[in-house]
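Working notes for the structure below.
The values are calculated or read from the model by the stated rules, or taken from the named source; none is laboratory data. Just so we're clear, the structure is a prediction, and the values are computed from it rather than from any experiment. Here the Cβ positions follow ideal geometry from the backbone for every residue, glycine too, while neighbour counts run over all protein chains shown.
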Amino acid sequence: MSGRPHLLYTAWGFPPSRAGGVYRALATVNAFAERDWDVTVLTTARETFLDSTGGDVSLERRIHPDVRLERLSVDTPAFSSDLARWSRARARYPELWVAADWRRDLVRFPERAYGRWRPDLERAARRVHRERRVSLAVGTANPHVDFTPGWALHRDDGVPFVMDYRDAWRLDVFSGRTLHERRSRVGRWEHRLQNAAEEVWFVNDPIARWHAERNPDASARMQIVANGFDEYDVPLRVPVRADRGDGLTFGYIGTVSENVPIEPLLSGWRRAREESELLRRSRLVLHGYLGHFGASGSASEALARAAADGVHFAGPVSKATIGEVYGGFDVLVLALGTGRYVTSGKVYEYAATGIPIVSIHEPVNAATDVLRDSPAWVPTRSLASADVAAALTAVAARAEVESDADRAAAQEWARQFERSHQLAARIDHLRDVVDARSAGR
């Protein structure tokens, strides 16, 4: 035991998970540990990812050595891909079986696939609290059941807790559609949690405004904690590639999900190659997974057809050495789903490299607000083939003549997005909250 404050952090997506939110979770616990907090993480078993969606074990080496992990096994059929372990009923009637199994989740918490985790999470939180008093609890979503351990400790013993949203629960950030009404079970749970939380974090202002308008009682405690970039083994500040005489290398790094506009990108790429001699000498390389759960048939087919157009799918890359991959690119392609609430953590990492960025997403995306003042950014006017082609041609012209000074200026502009800058103010404030409560106890 130490005299330092104790953080209990809950995250389903924690190393070795390969989900996009894992980097925010990892950076957050490390930032608390580096600021002299004891940190305990509640997360799921490693096998949940390694045996189903795949993982990045290199990320486990990035966990601060003082961070203590509590891994909880949970029977989550959505992550069970071993058919030999399926019951006969599930194998024969999979859709009916899954529909019936969801009741196990929903009776505990209104979240399919994850709701059943709530009892184990709350029991583990109380056990950790008995062993070493928790000063602050933080849960990061999704899944949103991650919020419940902090709420349980707050209800039981007045422990302050923070809700850290990466996207939203009742809002579809791509379509802007309300997924759950205020009077629904989800709506009632969210209202209850937000009104009890010490702080509620959102990754961008549009999402925060949406929630503040629907729960003004909690709006004063809603904070913007943007994503940012993280430095790993290989620096992100890569130099200008010298050998551009044979054409440029356009690069995309990220999960190719159903929301990524692959077809508009490839259509615009083909058109640009028809119109530009420089683009005909260039190639487009995509790194990442096809879908969050390892499968995306339409994207696979589209990429296979595009191979003749200089498009190459290179598969996933380790986060620890991602700087090496960036070092081989002349242009970065920021292809994002449509929605004014969409930012993506990838935008900050792209910016950190200083490499010219072409945005292949609707201008209303929140990522536009991040890059608006970047000296290395070229947006597309729309996802129409002609507009995408024009943006690709314009960014190619810029990349072809980019100098070392140009690259350095773009990298310097992006320093503001280093992850610790986003977290520092909130951690310092929460330390004051914890110290004040400790002094008054």
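Determine, yes or no, whether ALA295 is in a loop (DSSP other than H, G, I, E, B) and modelled with pLDDT under 95.
In short, yes.
Quick grid of which residues meet (1) touching a helix residue (DSSP H, G or I) at 6+ places or on another chain (Cβ under 7 Å); (2) among the polar types (S, T, N, Q); (3) closer than 15 Å to ALA137 by Cα:
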| residue | (1), (2), (3) |
| --- | --- |
| ALA11 | yes, no, yes |
| SER17 | yes, yes, no |
| GLY20 | no, no, no |
| THR28 | yes, yes, yes |
| PHE32 | yes, no, yes |
| TRP37 | no, no, yes |
| GLY55 | yes, no, no |
| LEU59 | yes, no, no |
| ARG62 | yes, no, no |
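Does segment 194-209 contain at least one residue that is more than 18 Å from the chain's Cα centre (by Cα) and closer than 22 Å to THR338 by Cβ?
The answer is yes, given that some residue of segment 194-209 is more than 18 Å from the chain's Cα centre (by Cα) and closer than 22 Å to THR338 by Cβ.
Looking for something touching a residue at least 24 places away in the same chain (Cβ under 8 Å), acidic (Asp, Glu), in the same structural domain as GLU324 (by TED's automatic domain parsing) and surrounded by fewer than 17 Cβ atoms within 10 Å (Cβ to Cβ) - is there at least one such residue anywhere in segment 353-362? Break it down stepwise before answering.
Going residue by residue through segment 353-362, those that are touching a residue at least 24 places away in the same chain (Cβ under 8 Å) are 353-362.
Filter again for acidic (Asp, Glu), leaving 362.
Of the ones still in play, those that are also in the same structural domain as GLU324 (by TED's automatic domain parsing) are 362.
Going one step further and asking which of them are surrounded by fewer than 17 Cβ atoms within 10 Å (Cβ to Cβ), we end up with none.
Within segment 353-362, none of the residues are touching a residue at least 24 places away in the same chain (Cβ under 8 Å), acidic (Asp, Glu), in the same structural domain as GLU324 (by TED's automatic domain parsing) and surrounded by fewer than 17 Cβ atoms within 10 Å (Cβ to Cβ).
Condition check: touching a residue at least 24 places away in the same chain (Cβ under 8 Å), in the same structural domain as HIS64 (by TED's automatic domain parsing) and surrounded by fewer than 20 Cβ atoms within 10 Å (Cβ to Cβ). Does HIS144 satisfy that?
Values: touching a residue at least 24 places away in the same chain (Cβ under 8 Å): yes; in the same structural domain as HIS64 (by TED's automatic domain parsing): yes; surrounded by fewer than 20 Cβ atoms within 10 Å (Cβ to Cβ): no.
Against the criterion (touching a residue at least 24 places away in the same chain (Cβ under 8 Å), in the same structural domain as HIS64 (by TED's automatic domain parsing) and surrounded by fewer than 20 Cβ atoms within 10 Å (Cβ to Cβ)), HIS144 does not qualify.
ILE253 - would you say it is of a type in the set (Val, Ile, Thr), in the same structural domain as ALA396 (by TED's automatic domain parsing) and farther than 23 Å from ALA352 by Cα?
no
Against the condition within 21 Å of SER382 (Cβ to Cβ), in a loop (DSSP other than H, G, I, E, B) and either free of Cβ contacts under 8 Å to residues at least 60 places away in the same chain or of a type in the set (A, V, I, L, M) (or both), how does VAL317 come out, does it pass?
Taking the combined requirement at face value, the residue does not satisfy it.
If only one of LEU96, LEU59 is at pLDDT 75 or above and either exposed (fewer than 14 other Cβ atoms within 10 Å of the Cβ) or assigned to a helix (DSSP H, G or I) (or both), which one is it? Please lay out each step first, then the result.
Working: LEU96 fails: at pLDDT 75 or above.
Among LEU96, LEU59, only LEU59 is at pLDDT 75 or above and either exposed (fewer than 14 other Cβ atoms within 10 Å of the Cβ) or assigned to a helix (DSSP H, G or I) (or both).
Would a scan of segment 340-354 turn up a residue that is out of contact with any Phe, Trp or Tyr (no Cβ under 6 Å at 6 or more places or on another chain), farther than 25 Å from ARG62 by Cβ, among the basic types (Lys, Arg) and modelled with pLDDT of 95 or more?
no
Looking at HIS312 and the list (1) assigned to a strand (DSSP E or B); (2) of a type outside the set (S, T, N, Q); (3) touching a helix residue (DSSP H, G or I) at 6+ places or on another chain (Cβ under 7 Å); (4) surrounded by fewer than 19 Cβ atoms within 10 Å (Cβ to Cβ), which single condition is not satisfied?
(3)
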